[in-house]
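One structure is given here, and the rest of the page talks about it.
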Amino acid sequence: MNFNRKLYSDDLLKSLYSGLLKPRLIEEKMLILLRQNEISKWFSGIGQEAIAVGSAMAMEKDEYILPLHRNLGIFTSREVPLFRLFSQFQGKLSGYTKGRDRSFHFGTKEHHIVGMISHLGPQLAVADGIALADLLENKNKATLVFSGDGGTSEGDFHEALNVAAVWNLPVIFMIENNGYGLSTPNNEQFRFKSFTDKGPAYGIDALQIDGNNILEVYDAVKKATASIRSKPRPILIEALTFRMRGHEEASGTKYVPQELFEKWSQKDPVENYEKYLLEQNVLTYSELQEVRKEIKKEIDEAWAQVAKAPTASADTAVELSDVYAPFDQVVIKPSSEKKVKRRYVDAISDSIRESMEKYPKLVLMGQDVAEYGGVFKVTEGLVEKFGKKRIINTPLCESAILGTGLGLSINDYKAIIEMQFADFVTSGFNQIVNNFAKIHYRWGQNADVVVRMPTGAGTAAGPFHSQSNEAWFVHTPGLKVVFPSSPHDAKGLLNASIEDPNPVLFFEHKFLYRSVSEEIPESYYTEPIGKARMVTEGNDISIITYGLPVIWAKEIVANLGNYTADLIDLRTLLPWDKETVENSVKKTGRAIVITEDTLTGSIASEIAAYIGEKCFQYLDAPVVRVGSLDTPVPFSPALEENFLPKKRMKEKIEELLLY
Ligand SMILES: Cc1ncc(C[n+]2csc(CCOP(=O)(O)OP(=O)(O)O)c2C)c(N)n1
């Protein structure tokens, strides 16, 4: 192996050695513990340590690193206390996720590390967001993110590289090419010869290094980070290495030809570096042994301490309270009495503008949101006021932009992300339901992102521009789901959603944009998230709904003759206002829940079940649900009208009153 120390000092070479040795010795211990059944699962990075250690040691301590499952060396190089690290492996309360997630699935802002979710690829765009925040602040910092060779086949890889290239984000994409993705060799994973071919295809500089040579890794990352700090842009580094053990210990290595192990064992990063240090007289044999002894002692002591630490014990109240970042909303009243007539669309624009003024670290991203003003013109005029740095046109890549939003939040920014149509959120679903939703519960990090969702039917736009998909998100703990039906609520609730540090899916009904208007306060105000609004009050029936059906129901209620109704606009679907619904149904004894969504598995079904469970003895009739037909949303107006619940609502309300 060719080591070249260039002008690096003996001290640096020594610290690289102890850095390199530490993850190796921890792993050797873990492999023994695994055989003794003391730990349950282990993903080995043996043979690959030089990449994590060399690159972490080349970065500044306050620059973010986003490692994966073979990068123990990142955690040790950043001096994450071994007691807490081992506690994490053991699912102990003293681990970084309090026993809620395993192994390297955690982050620690204190050490500027953002850990992975199992899905691998989503890490890459989170790095883009962290780098974007640094760039907006002119911080001259680099961010380092890892991918395995297998992970690069995911769409996330393409999207994240492309965004980083287009926006000149100072990110190092470190590809650890170890030849396999679980059992799949590279020739069954992709066709190109080297990742150095991939970089230029995105307009990114790329280089290949020997990942087993710690000096080469250190030097390459040192140079790359210095370069991108002064001239922000991404760089791709392909580090050639080999996975010396199975994918994880239980999966074995039968599928890997033996000669590969023989070849790569000659290139062991630790043994070769030791030899080099001896040859160079940087360390003597007994000094090497001394380093080894000290690290072992540290490991053994930490392990003994962890063994005595309490295991995680369940407390339901604590579990539930950690799902969201703490936020006691203080409802803000308008500062003046002055009112202006605003359409639903204007109310949303006003909210964005006022919030951008209130929060200098708030950015808005989306397709065509800048000069074009967004396809619904919600963001028209904002780029002129706030500039291209805060109103950001994005490439067509929902997943990367959502991931970028999370990265911004980690780096202390706030983001609003416009989905061009709510339907397109499917292309970024993973980031929302697995990354945004779970991150606070897992390691206490929040996702301060509002995802704006132009939703709903009634505009003859067919199956991919009309869906009501709020139920997907209502089913996901960790998200908030808000859905106003009036201009007043649209402004007050969007302001509140932007204030809230948690991820909010903010549904805006497209049909309402320009079809409803009312007088609303001109100044900034918020409405409470999680509280329903009584649109009308009555005694004979509770009509519980949200979104466009609120408008339809108002008309029906106005024509009920002698009957009167509680018409409840839920406004927030997660968490929804159980108290208001329950009190109303106990008063009226009759409940109908209406949604524009297709009925099966809808929020209407959930609310109906809740009423059945909590109000059974107060009911004079079965709880009725009305929704759209269980079909995709059809295009042709006659078919769409038949699909939507509007016509069926009146009939069902009348039937229920007469039951
Ligand atoms: C989206 C997704 N699909 C599949 C998996 C299962 N899985 C975990 S790691 C892995 C292989 C990853 O290979 P590579 O990116 O080369 O990294 P390596 O494990 O070799 O370090 C697979 C298939 C997963 N975690 N996430």
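The values are calculated or read from the model by the stated rules, or taken from the named source; none is laboratory data. Quantities reported herein were computed from a predicted structural model and do not represent experimental measurements. Cβ coordinates were reconstructed from backbone atoms using ideal geometry, including for glycine residues, and neighbour counts include every protein chain displayed.
The table below lists the values:
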quantity	calculated
Matching entry among GLY199, GLY203 (being within 26 Å of the chain's Cα centre (by Cα) and free of Cβ contacts under 8 Å to residues at least 40 places away in the same chain)	GLY199
The range 477-518, residues that are closer than 18 Å to PRO326 by Cα and either more than 26 Å from the chain's Cα centre (by Cα) or part of a loop (DSSP other than H, G, I, E, B) (or both)	PRO477, GLY478, LEU479, ASP500, PRO501, ASN502, PRO503
Failed item in (1) out of contact with any Leu (no Cβ under 9 Å at 6 or more places or on another chain); (2) free of Cβ contacts under 8 Å to residues at least 40 places away in the same chain, with TYR285 passing the rest	(1)
Condition broken by LYS61, with the remaining ones in (1) under 25 Å from VAL171 (Cα atoms); (2) charged (D, E, K, R); (3) surrounded by 19 or more Cβ atoms within 10 Å (Cβ to Cβ) satisfied	(3)
Residue among ARG292, ARG233 that is in contact (Cβ under 8 Å) with a residue 24 or more places away in the chain and either small (Gly, Ala, Ser) or part of a loop (DSSP other than H, G, I, E, B) (or both)	ARG233
Counted residues, the range 161-185 - those being buried (at least 19 other Cβ atoms within 10 Å of the Cβ) and part of a helix (DSSP H, G or I)	5
Complete set of residues in the range 640-659 that are modelled with pLDDT under 95 and over 12 Å from TRP552 (Cβ atoms)	none
Check on ASP368, assigned to a loop (DSSP other than H, G, I, E, B) and farther than 20 Å from PRO122 by Cβ	yes
In the range 425-460, the residues that are closer than 30 Å to PRO637 by Cα and either surrounded by 20 or more Cβ atoms within 10 Å (Cβ to Cβ) or at pLDDT below 95 (or both)	VAL425, GLY428, VAL451, ARG452, MET453, PRO454, THR455, GLY456, ALA457, GLY458, THR459, ALA460
Residue that is farthest from GLY428 (Cα to Cα), among those in the range 146-158 that are within 6 Å of the ligand (Cβ to nearest atom) and free of Cβ contacts under 8 Å to residues at least 60 places away in the same chain	ASP149
Entirely in the range 525-619, the helices (runs of 4 or more DSSP H) that have 3 or more residues that are charged (D, E, K, R) and either touching a helix residue (DSSP H, G or I) at 6+ places or on another chain (Cβ under 9 Å) or modelled with pLDDT of 95 or more (or both)	578-588, 603-615
Complete set of residues in the range 259-278 that are within 16 Å of the ligand (Cβ to nearest atom) and free of Cβ contacts under 8 Å to residues at least 12 places away in the same chain	none
Candidate set: the range 26-54, residues that are away from the ligand (no atom under 15 Å from the Cβ) and buried (at least 19 other Cβ atoms within 10 Å of the Cβ); chosen: the one modelled with the lowest pLDDT	ILE39
Verdict on GLY73 being within 15 Å of the ligand (Cβ to nearest atom) and in a helix (DSSP H, G or I)	yes
The lone exception for VAL256 - which of (1) part of a loop (DSSP other than H, G, I, E, B); (2) aliphatic (A, V, I, L, M); (3) away from the ligand (no atom under 16 Å from the Cβ) it fails	(3)
Residue in the range 524-539 that is of a type in the set (Ser, Thr, Tyr), surrounded by fewer than 19 Cβ atoms within 10 Å (Cβ to Cβ) and over 35 Å from the mean Cα position of the chain (by Cα) present	yes
Those helices (runs of 4 or more DSSP H) lying entirely in the range 371-454 with at least 2 residues within 16 Å of the ligand (Cβ to nearest atom)	398-410, 437-443
Residues of the range 109-121 that turn out to be out of contact with any strand residue (DSSP E or B) (no Cβ under 9 Å at 6 or more places or on another chain) and away from the ligand (no atom under 14 Å from the Cβ), as a count	2
Among residues of the range 415-452, those that are within 21 Å of GLY366 (Cβ to Cβ), among the β-branched types (Val, Ile, Thr) and within 10 Å of the chain's Cα centre (by Cα), counted	3
Any hit, the range 388-399, residues being surrounded by fewer than 20 Cβ atoms within 10 Å (Cβ to Cβ) and either among the aliphatic types (A, V, I, L, M) or closer than 19 Å to VAL482 by Cβ (or both)	yes
GLY211, sole failed condition from (1) more than 21 Å from GLY45 (Cα to Cα); (2) in contact with a helix residue (DSSP H, G or I) (Cβ under 6 Å, 6 or more places away or on another chain); (3) of a type outside the set (D, E, K, R); (4) within 15 Å of the ligand (Cβ to nearest atom)	(1)
Set LEU161, LEU124, LEU136: member being away from the ligand (no atom under 16 Å from the Cβ) and modelled with pLDDT of 95 or more	LEU136
Subset of the range 489-515 (residues that are touching a strand residue (DSSP E or B) at 6+ places or on another chain (Cβ under 6 Å) and hydroxyl-bearing (Ser, Thr, Tyr))	SER497
Top-ranked residue in the range 39-95 [being β-branched (Val, Ile, Thr) and under 19 Å from GLU110 (Cβ atoms); ranked as farthest from the chain's Cα centre (by Cα)]	THR76
Criterion violated by LYS98 - all others in (1) more than 17 Å from the chain's Cα centre (by Cα); (2) more than 16 Å from the ligand (Cβ to nearest atom); (3) part of a helix (DSSP H, G or I); (4) not β-branched (Val, Ile, Thr) satisfied	(3)
Cβ-Cβ under 6 Å pairs, at least 6 apart or on other chains, the range 130-145 side more than 21 Å from PRO67 (Cα to Cα), far side part of a strand (DSSP E or B) and of a type in the set (Gly, Ala, Ser)	none
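Every residue, every condition in (1) among the hydrophobic types (A, V, I, L, M, F, W, C); (2) exposed (fewer than 12 other Cβ atoms within 10 Å of the Cβ); (3) over 38 Å from the mean Cα position of the chain (by Cα); (4) modelled with pLDDT of 95 or more, yes or no:
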site	(1), (2), (3), (4)
LEU260	yes, no, no, yes
LYS267	no, no, no, yes
GLU271	no, no, yes, yes
TYR276	no, no, yes, yes
GLN280	no, no, yes, yes
LEU283	yes, no, yes, yes
LYS296	no, no, no, yes
ALA304	yes, yes, no, yes
THR316	no, yes, no, yes
